[in-house]
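Participant: Could you have a look at this structure, given as structure tokens, before my questions?
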Amino acid sequence: MNDGLNALEAALAEHPEPENPMPSARWLAAPRGVLLLGGAWAVTRAMQFRRLFSRTPEAKAAVAPRFVHWWGRYAFRLLGWRLRVEGPRPAPGSVVAPNHFGYIDLIGMAAANGSFFVAQRMMLEMKLFGMIVRAFDHPLTSRNTGREILETAAKMREKLALGQSVTVFLEGTSNPGDRVWEFHNALLQAAIDMGAPVVPAGIVWSATDSRMSIADDVAYWRPEHDLGKHMYRLLGLPPVECVVRFGEPVPSAGKSRKALAAEVRAEVLRLSGLRDAPLRALADRKRVAAQTASAEACTTGATAIVPPRPAPKEPPE
């Protein structure tokens, strides 16, 4: 079993599923969900309309991050969440590298600082989310092959060249909210190629209700988690608080990806105050679940067939 699965198994052992999770107010989740997604749709259409009046590529590229920021602030007001931003906001043309709890970080980072986001390609399979990602022209990644990673890096360079910032979650997957996994460094090549600074950011979510648990109620990380069900449940829970701490920009010029990733990760650990978990966790939840089932079947003498899948390949240093 590889280190990625071992890292996730260790986290699951530390955070077993609660027997009596905090109940969610479903009557509140439904209207919030409608208003949240409806607001996302409205902001997307408004952004597309505004972009029609932008005459230069630079002006056109600057529209999307501004509307991303507005939607993030709208989401926090709608849900009653609290936001505190510390440190200097990233300068335009930066790569922003925060730690990762789950999809909720997209809302937190959008409210703290509008930018383009490196999004998972699988989001294109979801109708509304796919429409939004395409409209805003966020860089996409799946980390499955070296070629796809190179395409993502090229898209990041395009945004940086237009003077826009790009936020990328270098851990490649989320966690229970108490640690920082090892960073994947391949996408930092875009920053090095463009001489763009990398701004470390520490995200910390906390509950306003003592009955809530960040690992169980907020972070989206378990293999069995379903995005729609998890989001719907979160919308019916009491408000949460988000603290985003931006660090000083880390110069990328003349550095290797490995050295740059190590320097940025050290700052993210300091800013977030989370513990160091220097292993890569698997990002593919279906593959994690299949491999876990296969391992359990082997220990009980049962037979399980798991389709082989090559490990993600990253471009050489």
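Participant: Tell me yes or no: at least one residue of region 60-67 is of a type outside the set (Phe, Trp, Tyr), over 30 Å from Arg179 (Cβ atoms) and touching a Leu at 6+ places or on another chain (Cβ under 6 Å).
Facilitator: Narrowing region 60-67 to residues of a type outside the set (Phe, Trp, Tyr): 60-66.
The next check asks that each one be over 30 Å from Arg179 (Cβ atoms); those that pass are 60-64, 66.
So of that shortlist, the ones also touching a Leu at 6+ places or on another chain (Cβ under 6 Å) come out as 61.
Checking region 60-67: at least one residue is of a type outside the set (Phe, Trp, Tyr), over 30 Å from Arg179 (Cβ atoms) and touching a Leu at 6+ places or on another chain (Cβ under 6 Å).
Participant: Say we look at region 115-155 and pick out the residues that are touching a helix residue (DSSP H, G or I) at 6+ places or on another chain (Cβ under 9 Å) and of a type in the set (Lys, Arg); which of these is surrounded by the fewest Cβ atoms within 10 Å (Cβ to Cβ)?
Facilitator: Only one residue tops the list, namely Arg134.
Participant: Quick one: which of Ala201, Ala196 is out of contact with any Ser or Thr (no Cβ under 7 Å at 6 or more places or on another chain), over 24 Å from Ala10 (Cα atoms), modelled with pLDDT of 90 or more and of a type in the set (A, V, I, L, M, F, W, C)?
Facilitator: Ala201
Participant: Next question, about the same structure. Here is a list: Leu12, Leu83, Leu78. Which entry is touching a helix residue (DSSP H, G or I) at 6+ places or on another chain (Cβ under 9 Å), modelled with pLDDT of 95 or more and over 21 Å from Thr167 (Cβ atoms)?
Facilitator: Selected residue: Leu78, the only one of Leu12, Leu83, Leu78 that is touching a helix residue (DSSP H, G or I) at 6+ places or on another chain (Cβ under 9 Å), modelled with pLDDT of 95 or more and over 21 Å from Thr167 (Cβ atoms).
Participant: Ok, one more. Hey, Phe169 hits all of (1) crowded, with 21+ Cβ neighbours inside 10 Å; (2) not in a loop (DSSP other than H, G, I, E, B) but one; which does it fall short on?
Facilitator: Every listed condition holds for Phe169 apart from (2).
Participant: Consider region 150-163. How many of its residues are touching a strand residue (DSSP E or B) at 6+ places or on another chain (Cβ under 6 Å) and either in a loop (DSSP other than H, G, I, E, B) or modelled with pLDDT of 95 or more (or both)? Walk me through how you get there before you give the answer.
Facilitator: Within region 150-163, the first condition is being touching a strand residue (DSSP E or B) at 6+ places or on another chain (Cβ under 6 Å), and the residues that meet it are 152, 156, 159.
From what is left, the residues that are either in a loop (DSSP other than H, G, I, E, B) or modelled with pLDDT of 95 or more (or both) are 156, 159.
Residues flagged as touching a strand residue (DSSP E or B) at 6+ places or on another chain (Cβ under 6 Å) and either in a loop (DSSP other than H, G, I, E, B) or modelled with pLDDT of 95 or more (or both) within region 150-163 amount to 2.
Participant: Tally the residues that are outside any loop (DSSP other than H, G, I, E, B) and exposed (fewer than 15 other Cβ atoms within 10 Å of the Cβ), restricting the search to region 206-234.
Facilitator: Start the filter on region 206-234 by keeping residues that are outside any loop (DSSP other than H, G, I, E, B), which leaves 206-207, 214-218, 227-234.
If we keep only those that are exposed (fewer than 15 other Cβ atoms within 10 Å of the Cβ) too, we end up with 206, 228-229.
Summing the residues that are outside any loop (DSSP other than H, G, I, E, B) and exposed (fewer than 15 other Cβ atoms within 10 Å of the Cβ) in region 206-234 gives 3.
The values are calculated or read from the model by the stated rules, or taken from the named source; none is laboratory data. Since the structure is predicted, the reported quantities are computational estimates derived from the model, not experimental observations. FYI the Cβ positions are ideal-geometry reconstructions off the backbone, even for glycines, and counts take in every protein chain you see.
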